[in-house]
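Contents: one structure, followed by commentary.
Each value in this text was obtained by applying a stated rule to the coordinates, not by laboratory testing. Since this is a predicted model, take the numbers as computed values, not measurements. Here the Cβ is made from the backbone with ideal geometry for all residues, glycine too, and neighbour counts use every protein chain on show.
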Amino acid sequence: MASTLPPQRLLELFPRALDTGSQYGTVTVRHGGVSVECTALRTDANYTDGRRPDQVNFGSSLREDLARRDFTINAMAVNVRARKLFDPYGGTRDVRGGVLRAVGSAKERLREDGLRTMRAYRFLDGKTGARVPD
């Protein structure tokens, strides 16, 4: 679940919540026997270690948050209450077309986080249908 609330506020509101990565915006909210991972909308800057951002800025823009995602198929969001899909980078089109496309520059996205290359191979392995890299 995505939230405009910063992780510290979520921890205050939900005393049973678990700090599962608040430095990156993630808290696991536990309520009524259900656990939900909740991550603050964010932007981030520079990945000098090739895995994690050097700086995380919590924000309120869903579009900006999705812009930092690796692939278009991972850059979609659903407003459950309104039953509306927010897909500013064409993820639905790419799922239907079997295309794996980066959000923005593929070179930049893969350079930021080395794990993204492994994720790309997993998506392209053919077990879930043919995938054509962008």
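Some values worked out for this structure:
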quantity: Ellipsoid semi-axes in whole angstrom, largest first, where each is sqrt(5λ) of the Cα gyration tensor of the chain; calculated: 27, 19, 14
quantity: Gained length - D125 relative to H31, 0.36 nm times residue gap less alpha-carbon distance; calculated: 30.1 nm
quantity: Lys, Arg +1 and Asp, Glu -1 on Cβ, resulting dipole of the chain about Cα centre, debye, nearest 20; calculated: 480
quantity: FRET E, pair M1, Y24, Förster distance 22 Å, beta-carbon r, rounded to 0.05; calculated: 0.90
quantity: Using alpha-carbon coordinates, inclination of helix 115-124 to the longest axis of the chain, degrees; calculated: 50
quantity: Segments 26-36, 1-11 sorted - mean Cβ within 10 Å per residue, highest first; calculated: 1-11, 26-36
quantity: Segment 24-78: C-alpha gyration tensor shape, a/c 1.5 cut-off, then a/b vs b/c; calculated: prolate
quantity: Over the chain, relative contact order from alpha-carbon pairs under 8 Å, at least 6 apart, %; calculated: 17
